[in-house]
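Report on one structure; see the data block that follows.
Since every read-out is calculated from the coordinates, none of them should be taken as a lab result. Only a predicted model underlies this, so the values are computations on that prediction, with no experimental measurement involved. Note that we place each Cβ from the backbone using ideal geometry, even for glycine, and neighbour counts take in every protein chain shown.
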Amino acid sequence: MSAHRFYKLQGNGNDFVLLDALTQGGQVGHGASLPDWKAWAIRLCDRRFGVGADGLLVVERGERAPYRMRIFNPDGSEAEMCGNGIRCFARYLRLRHEPHAERLTIETGAGVRIVHRADAEGRIWTVEMGVPRLARQAVPALGSPPDQPMLQEPLQVAGHTLPLSAVNTGTPHAVLFVDDVQQFPLETLGPAIEHHPLFPERANVQVAQVMRPDYVMVRTWERSAGATLACGTGACAVLVIGHLLGWLDRQATVRMPGGELRIEWREDNQLLMTGPAVEVFEGVWLRE
């Protein structure tokens with residue numbers, strides 16, 4: 001039996017198990033063979049037989065930045081980027097590796113991201129989320145023209161006609177605006193949209209209700225994770241599509257079941273996301 005120290009963190013209720021491959025003394029991420037992160041994610045994220053989480057974060061040394069964040073979904077698949085995850089990742093780095101850091105550079109599957117401490121205690125972080133990719137082929141979403149955005153396109157899903165839009169804000173997102181977000185059947189239509197043939201790499205699903213131009217309510221169905229309490233890249237996706245449709249300002253508060261995120265789409269096309277990150281506990285996983 002081997003023992004591995006892990007950390008549990010959450011951002012707006014989107015929770016993660018974190019393993020630090022830099023400090024495990026050869027047990028994680030060192031030696032001749034790398035761990036099977038897929039198997040570890042499946043085991044650790046299980047809420048009955050493991051620790052329980054929406055994803056597994058792994059701290060590695062980066063090639064283009066001092067640190068690299070890898071994120072694995074509960075089904076073992078690897079995601080490119082996670083907005084709530086990278087804030088939790090930054091919180092961990094400040095507590096364990098970079099106690100005086102006000103700015104962290106982190107490599108992700110979607111590119112290098114800059115994260116800024118937004119409060120004195122390091123519990124609020126602002127992430128430079130990059131530039132949204134709107135061309136259909138960049139989401140990716142099938143259809144034509146491939147170099148143009150997909151906005152309010154009627155799509156047949158499980159017997160419903162839904163006006164869907166799509167954008168990639170680090171991961172692919174389908175965005176749907178509705179009159180009552182609480183009444184939307186997310187648990188049935190969410191997976192149907194996720195697996196729709198239009199999205200060859202599947203899609204995260206964001207269902208949104210605009211309350212006013214600077215405030216929007218959102219529910220999330222995440223690719224490979226199901227319904228979650230929050231999604232940072234999804235909050236960015238909602239703001240981008242909402243602004244393009246004329247319903248949201250360039251800055252808005254996105255309210256999700258787990259809390260609020262502040263999103264800004266600057267005039268230079270860069271997205272900023274600000275929100276909390278909390279370390280909940282640490283423990284030892286006894287792995288047979």
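Below are the figures for this structure:
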{"quantity": "Stokes-Einstein D (µm²/s) once Rh is taken as the Kirkwood radius of the range 201-258 over alpha-carbon pairs, at 37 °C in 0.692 mPa s", "calculated": "290 µm²/s"}
{"quantity": "Calculated on alpha-carbon atoms, Rg and Dmax of the range 180-219 in Å", "calculated": "11.9, 34"}
{"quantity": "Summed residue charge, Cβ within 11 Å of Ala203's Cβ, Lys/Arg positive, Asp/Glu negative", "calculated": "-1"}
{"quantity": "Distance (nanometres) between label positions extended 7 Å along Cα→Cβ at Ala158 and Asp36", "calculated": "3.2 nm"}
{"quantity": "Relative contact order of the range 136-269, pairs being alpha-carbon contacts under 8 Å that are 6 or more residues apart, as %", "calculated": "19 percent"}
{"quantity": "Virtual spin-label span in nm between Asp75 and Val112, 7 Å along Cα→Cβ", "calculated": "3.3 nm"}
{"quantity": "Estimated FRET transfer efficiency (Thr188, Arg266; beta-carbon r; R0 45 Å; 0.05)", "calculated": "0.75"}
{"quantity": "Helix-derived mean residue ellipticity, 222 nm - over the chain, DSSP H n ≥ 4, -39500 (n - 2.57), to 500", "calculated": "-5000 deg cm²/dmol"}
{"quantity": "Whole-number percent relative contact order across the chain, with pairs defined as alpha carbons under 8 Å at least 6 apart", "calculated": "21 percent"}
{"quantity": "Evaluated at q = 0.18 Å⁻¹: base-10 log I(q)/I(0), Debye formula over Cα of the range 42-82", "calculated": "-0.52"}
{"quantity": "Of (1) 33, 26, 22; (2) 35, 20, 18; (3) 31, 21, 17, the label for semi-axes √(5λ) of the Cα gyration tensor in Å derived from the coordinates", "calculated": "(3)"}
{"quantity": "Considering only the range 136-269, percent of DSSP beta bridges that pair antiparallel, nearest 5", "calculated": "75 percent"}
{"quantity": "Percentage relative contact order, the range 217-276, counting C-alpha pairs under 8 Å, at least six apart", "calculated": "28 percent"}
{"quantity": "Alpha carbon centroid spacing (whole Å) that separates the range 194-252 from the range 83-122", "calculated": "23 Å"}
{"quantity": "Semi-axis lengths, Å, the range 136-269, gyration tensor of Cα atoms, sqrt of 5 times eigenvalues", "calculated": "20, 18, 13"}
{"quantity": "Taking N as its residue count, the alpha carbon Rg of the range 104-214 over 2.2 N^0.38 Å", "calculated": "1.23"}
{"quantity": "Förster-model FRET efficiency, 45 Å R0, Leu95 and Ser144, C-beta, rounded to 0.05", "calculated": "0.40"}
